[in-house]
Structures are given as C-alpha cells and as structure tokens.
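Reviewing the structure listed below.
Just so it is clear, none of the values below were taken in a lab; they were calculated from the coordinates. For clarity, every value in this text was computed on a predicted model and none was experimentally measured. Because the Cβ atoms are built from the backbone with ideal geometry, glycine has one as well, and the counts that use them run over all protein chains shown.
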Amino acid sequence: MKKYLLILLFLASCGYQPVFVNKNLKNLAFTKITVQGDKKMGNDIINFLNIKNSNITQNQNELVLNSKFTTNEIAKNSKGETLYYQARIDLIFQIREDNKIIEEKLFYDEYVYENRKNKYELTKYQAEVKNNLVKNIVEDIVFYLNLR
C-alpha cells in the first residue's frame, strides 16, 4: 500500500499530465474550415475537436478535412452470404497558409465485424461502428496536435 502511495505522490509532484489533456486545443481556430468527402463525418470531427472558424486569429491558417468512409465485404460463405464486413475511415488532415500546405497527415482506422441476420440490427451496429471509428480518429488527431 505504501508503494502505491509513493508512486502516486511522485506522479503528482513531478508535473505528470496525460497526453490527451491540452488546454491550448480548446483555443484552436482557423480562418477557414473546409470539409470534403463525407461531410457529416467531417463536421462530427470538427465538433468533437471543438475547432472554431474565426477571422480573429493570430494566424491565417485554413483547415481542410478530406474524409472517406467505406464498408467492404471481406468474407462470404459457400452460399455467397456475407460473413464479415470491414469498416474503414480515411482522413486527410491539412493545414494550409496562403493555399500552400504547411502540414498534412493521413489518419485511418478500421474495424472488422460479423454480419447480423437482422438487417435493422446490422444497420444500427454499422452506425455505432462508424461513430466509434470517428472517436478513434479524433483521439489520434488530438495526440498528433499535442505532439507538434
């Protein structure tokens, strides 16, 4: 017990801070935000990141998000029925200044899941998978922005 208390005391006093906590990320603003590809997914990412479109910023940077969501059948049985699907998100994250790309990063995430017999349940599950993939991409972007 004393060992855990000592470790906790050490972490608290040495300035340890989780990677995903960044107070400056809340102040992230761009003069122009452009969403290409899957517009709903791009807007969800902007909302999760709390990015603002503001003309009153120190920099004149533009943010461009180009996103794509795909679902592929990756395995079928002998009857030709789909057994497994693969959902994938690809996102190109660009920061431009004067129409020149000053930063560009590709983020992607994918997930493989089984088919459902009930198509309504499958549709609901696919929406849940997409939402979880978007949240994973947002975590990756936050990690990237904290390290730059």
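A few notes on this one:
- Residue-count net charge about L91 - beta-carbon cut-off 10 Å; Lys, Arg +1, Asp, Glu -1: -2
- Per-residue HN-Hα couplings for the range 81-93 [Karplus 6.51, -1.76, 1.60; θ = phi - 60°; Hz; x = Gly/Pro]: 7, 5, 9, 9, 10, 10, 9, 9, 10, 10, 9, 9, 9
- Derived scalar couplings ³J(HN,Hα) [the range 65-74; Karplus, 6.51 cos²θ - 1.76 cosθ + 1.60; whole Hz; x for Gly, Pro]: 10, 10, 10, 9, 10, 10, 10, 10, 7, 10
- Label point distance in nm, Q60-R148, each placed 7 Å from Cα along Cα→Cβ: 1.9 nm
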